[in-house]
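Contents: one structure, followed by commentary.
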């Protein structure tokens, strides 16, 4: 079994390493992300890093419970459907960019 990287895999590996060297806020391959004594400093660092990873797009994900009857959502009816709950979870993903 040959476990060596294919030319395409090696190219991707090199591309990722180059990006990390250029963009990590600490030296690539040495140490861990910085530690913070103040939570607000850590949150600011995390926001800046996440924005850089997402090219300036901030993504928010979440979920919330929903009662289908509140929105007049009728349960599906089919011979294949054995039972349907009257509630569920709505999942969302929002992408924000600076205007």
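Data table
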| quantity | calculated |
| --- | --- |
| Residue match in segment 36-57 (condition: farther than 28 Å from residue 95 by Cα and not assigned by TED's automatic domain parsing to the domain that holds residue 99) | yes |
| Hey, residue 32 at pLDDT 90 or above and loosely packed, with under 10 Cβ neighbours inside 10 Å or not | no |
| Enumeration of residues in segment 17-29 that are within 29 Å of residue 99 (Cα to Cα) and either at pLDDT 90 or above or surrounded by 11 or more Cβ atoms within 10 Å (Cβ to Cβ) (or both) | 19, 20, 23, 24 |
| Top-ranked residue of segment 55-84 - restricted to ones that are touching a residue at least 12 places away in the same chain (Cβ under 8 Å) and assigned to a loop (DSSP other than H, G, I, E, B), ranked as surrounded by the fewest Cβ atoms within 10 Å (Cβ to Cβ) | 56 |
| Qualifying residue in segment 14-28 (condition: closer than 28 Å to residue 93 by Cβ, part of a loop (DSSP other than H, G, I, E, B), in contact (Cβ under 8 Å) with a residue 24 or more places away in the chain and outside the structural domain of residue 97 (by TED's automatic domain parsing)) | yes |
| Of the criteria (1) touching a strand residue (DSSP E or B) at 6+ places or on another chain (Cβ under 7 Å); (2) assigned to a helix (DSSP H, G or I), which one residue 43 fails | (1) |
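The values are calculated or read from the model by the stated rules, or taken from the named source; none is laboratory data. Keep in mind the model is a prediction, meaning the values are calculated, not measured. All Cβ positions, glycine included, derive from the backbone under ideal geometry; neighbour counts span all protein chains shown.
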